[in-house]
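In what follows, a single structure is set out as structure tokens and then discussed.
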Amino acid sequence: MADPKNILLVTGLSGAGKSTVLRTLEDLGWEVVDNLPLLLLDRLLSAALPEGSEGDNKPLAIGIGARTRDFDPDRIVQRINTLRQRHGHDIGTLFLDCSGAELERRYSETRRRHPLALDRPASDGIARERELLAPLRDWANRLIDTTDLTANQLAQQVRETFSGGRQGSPTLSVTSFGFARGLPRNADLVFDMRFLRNPHWVPALRPGTGLDEEVSTYIADDPAYDAAMAQIESLLLLLLPRYKAEGKSYVTVAFGCTGGRHRSVHVTDRVARRLRAEGFSPTVTHRDLAAASQDSLEGAPADGTGSGTQLE
């Protein structure tokens, strides 16, 4: 038997949100198993870890319910007590409750059949399941009534309760791109940097990129640059913690210019450095940095200096 683990049994009425809870726990870094017969729990706890695993310190969530093979609430309680006494596992039980009327509404909306009433009204299955699960409900040390909760609200409550103060941060990506080659598919926030003057129209700067000092200096000398960047960075520093609080797994911030080689590259590099200084860990990509430069893609300059708004 492995060292003692932190184990959470997730159970409750069908339709009350067990799948939402398990998905949220998995996003928080828990190992999750659904509908595992408790007779197999010893085998699970003693099984070798997958190759590449960092250790056996991840908490374990196990979903059980009326559809679990050999489901017997009284035997489940006995089994949990045995695991606690013999092996010292810290085992909690979360019960998800919900009113019968709300469960009927959910089954009606999804057009699913209740697992205990496949050929009868959902209300019959709900009543039978409530009776069947009564011993677990009475014994559980945590209970959430999901009657008035949306899936997002339930997930947020789970994150607040079970993150242990270490709620996972979203995977943050910052990318540059060229509008001439289309928007990035998975971008959450898109900033159009084509209002800045364009180094493409300065012959000495055209071969360079936004990573070059001369190009960066030229872009930063735009009269609108300082105010715009201050507000963009302030907005990101406001929004990114909110995405984390909502449990978003991935956040992609995209900065675009016409060709994706100068303005967007410079801004992406600058913003990534600012985010790192604020404690974030963005992954930086420059989607179109290697693309060939072309005058027809950039449009005609508004004046001889390459500043102003270009026709795109």
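Take the conditions open to solvent by less than 70 Å² (accessible area, probe 1.4 Å), under 23 Å from Lys244 (Cα atoms) and either touching a Gly at 6+ places or on another chain (Cβ under 6 Å) or in contact (Cβ under 8 Å) with a residue 12 or more places away in the chain (or both) and apply them to Ala151. Does it pass? For Ala151, the condition - open to solvent by less than 70 Å² (accessible area, probe 1.4 Å), under 23 Å from Lys244 (Cα atoms) and either touching a Gly at 6+ places or on another chain (Cβ under 6 Å) or in contact (Cβ under 8 Å) with a residue 12 or more places away in the chain (or both) - is met. Looking only at the range 241-259, decide whether some residue is under 30 Å from Pro203 (Cα atoms) and not in a strand (DSSP E or B). Yes, the range 241-259 contains at least one residue that is under 30 Å from Pro203 (Cα atoms) and not in a strand (DSSP E or B). List pairs: first residue in the range 280-292 and farther than 20 Å from Leu172 by Cβ, second residue open to solvent by 50 Å² or more (accessible area, probe 1.4 Å) and not in a strand (DSSP E or B) anywhere in the structure, Cβ distance under 7 angstrom, at least six positions apart or on different chains. Once the first residue is farther than 20 Å from Leu172 by Cβ and sits in the range 280-292, its partners that are open to solvent by 50 Å² or more (accessible area, probe 1.4 Å) and not in a strand (DSSP E or B) give Asp288/Arg181; Ala291/Arg181. Per the conditions (1) open to solvent by 10 Å² or more (accessible area, probe 1.4 Å); (2) in contact with a helix residue (DSSP H, G or I) (Cβ under 8 Å, 6 or more places away or on another chain); (3) assigned to a helix (DSSP H, G or I); (4) modelled with pLDDT under 95, the sole criterion not satisfied by His200 is (1). Here Thr147, Thr110 are screened, and the one residue that is in contact with a Cys (Cβ under 9 Å, 6 or more places away or on another chain) and either on the phi < 0 side of the Ramachandran plot or not β-branched (Val, Ile, Thr) (or both) is Thr147. Could you look through the range 116-148, keep only residues that are surrounded by 15 or more Cβ atoms within 10 Å (Cβ to Cβ) and basic (Lys, Arg), and pick out the one that is nearest to Leu94 (Cα to Cα)? Among residues in the range 116-148 that are surrounded by 15 or more Cβ atoms within 10 Å (Cβ to Cβ) and basic (Lys, Arg), the one nearest to Leu94 (Cα to Cα) is Arg137.
Tell me yes or no: at least one residue of the range 10-30 is of a type in the set (A, V, I, L, M, F, W, C) and at pLDDT below 80. No, that holds for no residue.
Taking the residues in the range 83-115 that are surrounded by 13 or more Cβ atoms within 10 Å (Cβ to Cβ) and among the hydroxyl-bearing types (Ser, Thr, Tyr) as candidates, determine which candidate is modelled with the highest pLDDT. In this case the residue turns out to be Ser99. Let me spell it out: the conditions are (1) under 30 Å from Ala155 (Cα atoms); (2) buried (at least 18 other Cβ atoms within 10 Å of the Cβ), and Phe179 meets all of them except one. Which number is the exception? Condition not satisfied by Phe179: (1).
The values are calculated or read from the model by the stated rules, or taken from the named source; none is laboratory data. Since the structure is predicted, the reported quantities are computational estimates derived from the model, not experimental observations. Quick reminder, even Gly has a Cβ in these numbers, built from the backbone with ideal geometry, and neighbours come from all protein chains shown. SASA here: full protein model, heavy atoms, side chains in, ligands and nucleic acids out. Shrake-Rupley method; radii C 1.70, N 1.55, O 1.52, S 1.80 Å.
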